[in-house]
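Remarks on the structure that follows.
The values are calculated or read from the model by the stated rules, or taken from the named source; none is laboratory data. If you're wondering where the values come from, they're calculated on a predicted model, not measured in any experiment. Counting neighbours? That spans all protein chains shown, and the Cβs are built from the backbone with ideal geometry, glycine included.
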Amino acid sequence: MEITKHLFFSLSILMILLFFCLVFFNLNRKLTLSKSSITLLFVAMIWYCIQFSYHPATNVSYDLRLIPVVIGGLYMGIGPILIAAIIILRSFYGLDLGFFLTIILYVPLAVILWKIYPWFLKQLPYRRILITVCMGSVIGMVTALEIGFTNTDSYWLDTWFANLVIPQLGIGIISYAIEFVRKNTEMRQQLIKAEKLKAVEQMGAAISHEIRNPLTAASGFVQLLEDDYLSRQKRKEYLSIVKDELTSAERVIRDYLTFAKPSLEKLEELNVKSELRQIINILQPSANQNSVEIITDFSIIGFIKGDRQKFRQCFVNVLKNAIESTPHGGYLTISTEFSQNFVTIMVKDTGVGMTNEQLARLGEPFYSTKGKNGTGLGMMVVYSIVRAMEGIIWVESEVGVGTTFHFKFPTIQSLKYKR
């Protein structure tokens with residue numbers, strides 16, 4: 001059984017090489033192969049099979065060229081190209097009887113593979129596996145008969161076993177692996193599509209809910225304004241309410257657009273200390289109302305590059321959330337640190353804090369720790385703006401103790417060096 005042992009060893013080497021290729025492409029999913037690259041890969045496999053063939057007698061060779069021919073011809077539609085490569089490579093080993101038998105066997109096979117390729121792809125996966133194995137068996141049987149007629153001294157049992165078992169085993173394994181990878185790829189794509197659809201549904205539901213409420217209220221007061229006997233004071237009051245509700249709807253749309261398109265419209269040099277003081281002045285009345293004392297500890301210098309409006313929007317959302325999470329009074333500490341490469345901003349409150357589950361979902365689309373009172377858009381905007389400004393954000397929190405937000409932005413000097 002020397003022929004069988006040699007072919008089985010060659011098949012093992014081939015399977016190991018294919019396994020490493022599969023692992024490589026699984027780790028590099030973004031890497032795609034063109035049809036020409038796949039053709040070269042199959043030609044290399046054919047060269048390997050012919051180069052390391054077994055020659056027990058003159059003009060007789062045993063190899064596994066059948067495997068790449070059947071797999072490449074049926075799954076990739078490159079059968080004629082591969083068979084042309086076989087004929088060319090075989091000619092380098094001499095224009096003997098084996099060469100002409102190769103032409104007689106493989107030229108009709110090229111036509112057959114080319115014709116059945118479109119039909120083959122339309123079959124069910126298990127049928128494709130069965131077809132590849134059956135075709136390999138037929139070709140193996142014809143090859144064994146050719147060898148039997150041309151070399152009567154060969155061991156017939158070893159010859160038939162080597163041609164009808166080993167190549168078909170390799171074809172079956174590779175064909176099954178291809179179908180398995182295809183199924184997993186389709187399932188992955190379907191899962192990604194389902195997740196995208198789910199995100200769109202959640203987005204649509206959240207936005208429609210948040211916009212419908214102020215629009216419904218505004219519509220109701222507009223109907224009241226149609227009353228001709230409405231007093232001037234009431235009319236003015238209703239118009240103020242309508243304006244507030246429309247402003248609320250506009251804010252929801254603006255927050256969504258900031259999340260969906262976080263690009264910076266205007267880049268300018270920002271003095272972090274000065275910008276934070278401006279934001280604190282805006283939110284000071286809200287802090288006083290909630291009995292929250294704001295403590296600052298700013299470094300002397302600290303300049304970053306970004307969009308001033310979006311920077312303020314980001315930290316207004318963070319500080320506002322920190323104040324609202326301290327309903328019974330407490331402290332809100334805002335500090336900055338400056339280094340050669342980064343400006344670090346820390347916002348620490350003594351509020352209710354968050355659980356590990358809440359912390360893990362922070363910034364997730366439409367997730368809010370405020371329950372029905374929040375949309376989840378605010379923190380999405382914060383994360384989007386920080387990413388757009390090439391910054392980093394991480395959060396630490398403990399229930400009943402408080403929450404600390406850490407922001408790290410590259411300084412102007414480090415950005416210049418980076419470019």
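Annotations
- Residues (under 23 Å from Ser339 (Cβ atoms) and buried (at least 17 other Cβ atoms within 10 Å of the Cβ)) located in segment 289-305: Phe298, Gly302, Ile304, Lys305
- Checklist (1) surrounded by 15 or more Cβ atoms within 10 Å (Cβ to Cβ); (2) of a type outside the set (Asp, Glu); (3) within 42 Å of the chain's Cα centre (by Cα); (4) at pLDDT 80 or above applied to Met203, failing item: (4)
- Unmet requirement for Leu95, which otherwise passes all of (1) in a helix (DSSP H, G or I); (2) free of Cβ contacts under 8 Å to residues at least 60 places away in the same chain: (1)
The rows are residues; the columns are (1) of a type in the set (Lys, Arg); (2) at pLDDT 90 or above; (3) over 27 Å from the mean Cα position of the chain (by Cα).
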{"position": "Met354", "(1), (2), (3)": "no, no, yes"}
{"position": "Leu362", "(1), (2), (3)": "no, no, no"}
{"position": "Pro365", "(1), (2), (3)": "no, no, no"}
{"position": "Lys370", "(1), (2), (3)": "yes, no, yes"}
{"position": "Leu377", "(1), (2), (3)": "no, no, no"}
{"position": "Glu390", "(1), (2), (3)": "no, no, no"}
{"position": "Ile393", "(1), (2), (3)": "no, yes, no"}
{"position": "Gly402", "(1), (2), (3)": "no, yes, yes"}
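- Scan of segment 292-317 for residues that are touching a Phe, Trp or Tyr at 6+ places or on another chain (Cβ under 6 Å) and either over 29 Å from Val399 (Cβ atoms) or part of a helix (DSSP H, G or I) (or both), ordered by number: Ser299, Ile301, Gly302, Ile304
- When restricted to residues that are touching a residue at least 24 places away in the same chain (Cβ under 8 Å), more than 18 Å from Gln289 (Cβ to Cβ) and not in a loop (DSSP other than H, G, I, E, B), segment 335-357 contains 11.
- Checking each residue in segment 306-337 for being at pLDDT below 90, more than 19 Å from Asn281 (Cβ to Cβ) and surrounded by fewer than 18 Cβ atoms within 10 Å (Cβ to Cβ) picks out Pro327, His328, Gly329.
- Within segment 2-16, if we keep just the residues that are surrounded by 12 or more Cβ atoms within 10 Å (Cβ to Cβ) and of a type in the set (A, V, I, L, M, F, W, C), the residue that is nearest to the chain's Cα centre (by Cα) turns out to be Met15.
- Which numbered condition Cys134 fails, given (1) modelled with pLDDT of 75 or more; (2) buried (at least 16 other Cβ atoms within 10 Å of the Cβ): (2)
- Residues in segment 53-85 that are surrounded by 15 or more Cβ atoms within 10 Å (Cβ to Cβ), over 25 Å from Phe120 (Cβ atoms) and not polar (S, T, N, Q): Tyr54, Pro56, Val60, Tyr62.
- Pairs with Cβ under 8 Å, 6+ apart, first in segment 305-316 and aromatic (Phe, Trp, Tyr), second assigned to a loop (DSSP other than H, G, I, E, B): Phe311/Met389
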